[in-house]
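**Q** Dropping the structure in here first, questions after.
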């Protein structure tokens, strides 16, 4: 019965799960925000997440170190960022096609490595929840927002940090400049490709961490674990109008939708064909959001996907 869902305990649990599930969306989308603000689109986010997820999973499986898993995920993302920067900035390959290539590479390589090194999904140690003193004891709100893994809190703090970096630092000014008018930025002595390379590496590093967070949160790994989260993260950048706090709002929305669908299945409120239809809710929400927000072209960096060359 639908009334079961609207009980206090179920609603609190659903909101708490929504915040937790928003973390991979948020980390990946924040990284993509940095890249797009500098004029670089990366459709390979999902592939980078898959590689970060597998290597983080394998690290935790071998060492039982969740911190080690996160750091390995970050390193994998960093290396993929260097690769993508070389492809798009040095060789000036078309960004959309290059990104799809990165995605396919990550998808295929993660599946191959999983089959060769692990074979069968094995459980690993998941994150433990940490209650924030005083705030965690607030009725309802404490369980929903202040009783999560440290990585959830780190992702929220990162929203504030990136907002400050973009709006209040020289580097952030350079990022916005090369994303809006790279020729003008270059004439003022700003290295366009260096600035873009840094944002690409930052973005892919966060995608690797997002993949690591996902697999450690779930406590296991399987083929195509992300199931399109990376592509939704790219859409969330548009949803959030290329602003970290907008991305945060969109991530929480998607996390809540996913948690709600899961809870409805657990309570057997939806089942069979209805459950399958409900599972598509995040994807449908993506399409609706993009259809509505696509008109806000004024917020989009003017030089997004446009390669820069002094000789061109």
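**Q** Would you tally the residues in region 196-211 being more than 15 Å from residue 26 (Cβ to Cβ), in contact with a helix residue (DSSP H, G or I) (Cβ under 7 Å, 6 or more places away or on another chain) and surrounded by fewer than 24 Cβ atoms within 10 Å (Cβ to Cβ)?
**A** Looking only at that region, the number is 2.
**Q** Mind listing whichever residues of region 119-174 are surrounded by fewer than 19 Cβ atoms within 10 Å (Cβ to Cβ), within 23 Å of the chain's Cα centre (by Cα), without any contact (Cβ under 8 Å) to a residue 24 or more places away in the chain and under 30 Å from residue 63 (Cβ atoms)?
**A** Once the filter is applied, which keeps residues that are surrounded by fewer than 19 Cβ atoms within 10 Å (Cβ to Cβ), within 23 Å of the chain's Cα centre (by Cα), without any contact (Cβ under 8 Å) to a residue 24 or more places away in the chain and under 30 Å from residue 63 (Cβ atoms), region 119-174 yields 128, 129, 130, 150, 153, 154, 157, 161.
**Q** Take region 51-74 and flag every residue that is buried (at least 21 other Cβ atoms within 10 Å of the Cβ) and either more than 18 Å from the chain's Cα centre (by Cα) or modelled with pLDDT under 95 (or both).
**A** 59, 60, 66
**Q** For region 91-102, check the following and say yes or no: at least one residue is buried (at least 18 other Cβ atoms within 10 Å of the Cβ) and within 17 Å of the chain's Cα centre (by Cα).
**A** Checking region 91-102: at least one residue is buried (at least 18 other Cβ atoms within 10 Å of the Cβ) and within 17 Å of the chain's Cα centre (by Cα).
**Q** Then there's this: Sort out which residues of region 23-50 are under 12 Å from residue 242 (Cβ atoms) and either part of a helix (DSSP H, G or I) or at pLDDT below 95 (or both), and write them in order of number.
**A** Hits for region 23-50 are 29, 30, 32, 33, 34, 35, 36, 37.
**Q** Pick out the one residue from 67, 83 that is out of contact with any helix residue (DSSP H, G or I) (no Cβ under 8 Å at 6 or more places or on another chain) and either closer than 20 Å to residue 117 by Cα or assigned to a helix (DSSP H, G or I) (or both).
**A** 67
**Q** Which of the residues that make up region 185-195 are assigned to a helix (DSSP H, G or I) and either buried (at least 24 other Cβ atoms within 10 Å of the Cβ) or touching a helix residue (DSSP H, G or I) at 6+ places or on another chain (Cβ under 7 Å) (or both)?
**A** Those that are assigned to a helix (DSSP H, G or I) and either buried (at least 24 other Cβ atoms within 10 Å of the Cβ) or touching a helix residue (DSSP H, G or I) at 6+ places or on another chain (Cβ under 7 Å) (or both): 185, 186, 192, 193, 195.
The values are calculated or read from the model by the stated rules, or taken from the named source; none is laboratory data. Everything numeric in this text was worked out from a predicted model, so none of it was measured. Here Cβ is always computed from backbone atoms with ideal geometry, including for glycine, and neighbour counts include all displayed protein chains.
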